[in-house]
Amino acid sequence: MSAAIAYQFDFGGAVSGILGLLSVRVSTNASPAANQIITWAAWTSVSHALGVVSSSVQTVVNGSTLTVSATNGVNQLTATNNVSGLIMPMGSFSGQTAVFTNQSTFSLTFAVHSTSNVINGTSVSIGPFKAQILIWNPQDGNQWYPV
């Protein structure tokens with residue numbers, strides 16, 4: 001078994017005790033072994049981030065690099081057609097969250113993961129009037145993980 005960081009999410013507080021909020025914690029096992037019990041760091045609330053909405057709206061086209069204007073907050077996007085090939089910039093710190101809302105009637109799809117910096121790249125799409133949460137994981141090849 002190779003070493004890997006694991007994340008656990010709790011929506012609503014049933015596990016973390018942080019009621020009504022989104023919380024996350026990360027595994028603390030430095031070198032996991034088969035059948036080893038996973039140990040976890042403390043729960044951290046990320047819901048405060050969901051309340052900070054950027055005042056700007058980015059209009060995206062094919063191949064656009066998204067702007068993370070609200071670090072650990074909500075970034076607003078719009079488009080005039082279906083968009084593909086979106087790219088995320090490198091994150092700033094482990095566990096950084098970025099939330100994107102699509103305010104258009106069009107789908108917004110990321111580029112392949114080696115270009116977009118998003119795990120499962122072209123499989124990750126933000127549907128019309130939907131939101132996408134991404135979490136930065138520099139321990140796994142500097143990639144954003146969709147939630």
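The values are calculated or read from the model by the stated rules, or taken from the named source; none is laboratory data. It should be emphasised that the depicted structure is a prediction, and the values quoted were computed from it without experimental measurement. Backbone-built Cβ (ideal geometry, glycine too); neighbour counts: all protein chains shown.
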Hits in region 79-101 (condition: of a type in the set (S, T, N, Q) and at pLDDT 95 or above):
Thr80, Asn81, Asn82, Ser84
With the requirement that a residue be among the hydrophobic types (A, V, I, L, M, F, W, C) and either assigned to a loop (DSSP other than H, G, I, E, B) or farther than 22 Å from Gln8 by Cα (or both), what does region 129-147 give you?
Phe129, Val147
Are any of the residues in region 50-72 in contact with a His (Cβ under 9 Å, 6 or more places away or on another chain) and either under 30 Å from Val15 (Cα atoms) or without any contact (Cβ under 8 Å) to a residue 12 or more places away in the chain (or both)?
yes
Checked pairs for region 82-99, first closer than 14 Å to Gln58 by Cα, second of a type in the set (Phe, Trp, Tyr) and surrounded by 15 or more Cβ atoms within 10 Å (Cβ to Cβ), C-beta under 7 Å and 6 or more apart or across chains, list as Val83/Phe106; Leu86/Phe110; Met88/Trp144
When you scan region 73-128 for strands (runs of 3 or more DSSP E) that lie fully inside it, which ones turn up with 3 or more residues that are touching a Leu at 6+ places or on another chain (Cβ under 8 Å) and crowded, with 21+ Cβ neighbours inside 10 Å?
97-102
